[in-house]
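These notes are about the structure you will find just below.
The values are calculated or read from the model by the stated rules, or taken from the named source; none is laboratory data. This one's a predicted model, so the numbers in the text were calculated from it and none came from an experiment. Neighbour counts are summed over all protein chains in view; Cβ atoms, including those assigned to glycine, are modelled from backbone coordinates with ideal geometry.
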Amino acid sequence: MKLHKTITMVLAAAMLAAPITASAQFGALGGMGKKMLGGGDGEVSGPDAATFLTGAMKSTKNVMISAALLAQALKDRGGLASQKEQIAAITGAQNFGELNGQKVQLEENLQTLTSRADLSADLNAAYQAGDAQQKKVIATAIANLALGIYRNVQLAGAAPGVMKGVGGNPQMLTRMGELKTAANLLGLQTKGLGTIGTALPKVMGALKIKPLPQAETTDAMPVDI
């Protein structure tokens, strides 16, 4: 059960590292953050492990694609089309083992975004300097990344319930490896999204980008590059 203990610790770390400060910028997320920290009314109910993994896969793919596009837009918006191969690899990943193959690139893209002294201003500048297609891609990626922050908080809030569920379900022992990889990827995202999330409301307001509905059924918008 050593692996189970390791996954429990990683999931707990992901939960504690969730970008609460950033999420509070997006209205309803502030209340969710309080619940995660033990405040507010009620508790965040957690899904079963299978549902958690499905949600983590979907959200991580969105964050990876959005971060790749925005990092490229900051470095050279003219090269956005160069991300097609990576986006195809991310989209086509069938399991967390395959998705984990994009981890290094995700780290680099998040670093590109978090290293900016004024990310909001830089994203705004990249958008304003772009042509119509580039503007559409950048705006879509910003909206999708904001959705990714919301999802990240949801998943972190559900982590305690998942931990309890796995402990009482022997059948899920076969998916321990996936849970560990998912937790590690979520933990990586939270480190960067907290900083990035504080910049998004300002640039979204300036560019009149409407946030996507904060609902579990909301999908990230498709990106055509």
**Checking LEU29 against (1) at pLDDT 90 or above; (2) crowded, with 21+ Cβ neighbours inside 10 Å; (3) over 16 Å from ARG175 (Cβ atoms), the condition it does not meet** = (1)
**Prompt:** So which of GLY97, GLY46, GLY78, GLY101 is in a loop (DSSP other than H, G, I, E, B) and either at pLDDT below 95 or out of contact with any strand residue (DSSP E or B) (no Cβ under 6 Å at 6 or more places or on another chain) (or both)?
**Reply:** GLY46
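With respect to ARG116, determine if the residue is of a type outside the set (Phe, Trp, Tyr), in contact (Cβ under 8 Å) with a residue 40 or more places away in the chain and not in a helix (DSSP H, G or I).
Against the criterion (of a type outside the set (Phe, Trp, Tyr), in contact (Cβ under 8 Å) with a residue 40 or more places away in the chain and not in a helix (DSSP H, G or I)), ARG116 qualifies.
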**Asked** Do any residues in segment 149-165 that are in contact (Cβ under 8 Å) with a residue 12 or more places away in the chain have Cβ atoms under 8 Å from those of residues that are basic (Lys, Arg), where the two are at least six apart or on different chains, and which pairs are they?
**Response** ARG151/LYS58; GLY157/LYS35
**Prompt:** Looking at segment 87-123, which of the residues that are among the charged types (D, E, K, R) and within 15 Å of the chain's Cα centre (by Cα) is surrounded by the fewest Cβ atoms within 10 Å (Cβ to Cβ)?
**Reply:** GLU108
**Prompt:** Can you name every residue in segment 135-146 that is farther than 16 Å from THR198 by Cβ, of a type outside the set (Val, Ile, Thr) and buried (at least 18 other Cβ atoms within 10 Å of the Cβ)?
**Reply:** ALA139, ALA141, ALA143, ASN144
**Message:** Let me confirm something: among LEU145, LEU193, LEU185, LEU200, which residue is in a helix (DSSP H, G or I), at pLDDT 85 or above, more than 30 Å from ASP48 (Cα to Cα) and out of contact with any Asp or Glu (no Cβ under 9 Å at 6 or more places or on another chain)?
**Reply:** LEU200
